[in-house]
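Peer 1: Pasting a structure below so you can have a look.
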Amino acid sequence: MSEHLDTVFAALADPTRRAILSMLLEDDMAVTDVAEPFEMSLAAISKHLAILTRAGLISQEKRGRVKWCKLEPDAMKQASVWMQGFGQFEPVNLDAFERFLETELRDQEG
């Protein structure tokens with residue numbers, strides 16, 4: 001499981017790959033359509049797609065002469081479950097913590 005999570009998080013670490021995943025939320029897309037909004041070569045986009053495919057985040061299928069990309073949302077389930085484990089902690093209110101420290105330091109000095 002750890003190796004799979006590493007692969008998923010490594011794939012998600014890149015902003016281009018996250019943008020591709022967001023695009024695929026709408027619908028399946030041809031590789032050329034995925035590449036269109038990016039200022040990079042089709043070969044570079046293909047490398048990003050290969051990383052997403054290896055992580056299981058998307059699948060690619062050839063339909064006729066066109067290669068299509070499809071989002072595989074279940075692949076993020078393990079990562080999501082892992083991250084939810086951190087949801088049990090209260091978010092730290094840094095402003096309140098800073099006020100607390102100032103009060104404590106003032107009390108110690110006085």
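The values are calculated or read from the model by the stated rules, or taken from the named source; none is laboratory data. These numbers come from a predicted model, not from an experiment. Every residue, glycine as well, gets a Cβ built from its backbone with ideal geometry; the counts of neighbours run over all protein chains shown. Accessible surface is based on the protein model in full, side chains and every heavy atom, while ligands, DNA and RNA are left aside. Shrake-Rupley method; radii C 1.70, N 1.55, O 1.52, S 1.80 Å.
Peer 1: Kindly indicate whether Ser59 is out of contact with any strand residue (DSSP E or B) (no Cβ under 9 Å at 6 or more places or on another chain) and not charged (D, E, K, R). Working first, answer last.
Peer 2: On the way: out of contact with any strand residue (DSSP E or B) (no Cβ under 9 Å at 6 or more places or on another chain): no; not charged (D, E, K, R): yes.
So Ser59 does not fit the description; no.
Peer 1: When you look at Glu102, is it open to solvent by 60 Å² or more (accessible area, probe 1.4 Å), in a loop (DSSP other than H, G, I, E, B) and without any contact (Cβ under 8 Å) to a residue 12 or more places away in the chain, yes or no? Give the derivation first.
Peer 2: Values: open to solvent by 60 Å² or more (accessible area, probe 1.4 Å): yes; in a loop (DSSP other than H, G, I, E, B): no; without any contact (Cβ under 8 Å) to a residue 12 or more places away in the chain: yes.
The answer is no for Glu102.
Peer 1: Just the residues that are modelled with pLDDT under 75 and open to solvent by less than 70 Å² (accessible area, probe 1.4 Å), please, taken from the stretch 56-95.
Peer 2: Selection gives Gly87 alone.
Peer 1: Looking at this structure, is Phe9 surrounded by 13 or more Cβ atoms within 10 Å (Cβ to Cβ) and under 22 Å from Met83 (Cβ atoms)? Quick ask: steps written out before the conclusion?
Peer 2: On the way: surrounded by 13 or more Cβ atoms within 10 Å (Cβ to Cβ): yes; under 22 Å from Met83 (Cβ atoms): yes.
Yes; evaluated as a whole, the condition is true for this residue.
Peer 1: Give me the residue from the stretch 21-55 that is touching a residue at least 40 places away in the same chain (Cβ under 8 Å) and open to solvent by less than 30 Å² (accessible area, probe 1.4 Å) and, out of that set, nearest to Val81 (Cα to Cα).
Peer 2: Within the stretch 21-55, the subset touching a residue at least 40 places away in the same chain (Cβ under 8 Å) is 21, 24-25, 28-29, 51-52, 54-55.
Keeping just the survivors that are open to solvent by less than 30 Å² (accessible area, probe 1.4 Å) gives 21, 24, 52, 55.
Details: Leu21: 19, Leu24: 22, Leu52: 19, Ala55: 16 Å.
So the residue we want is Ala55.
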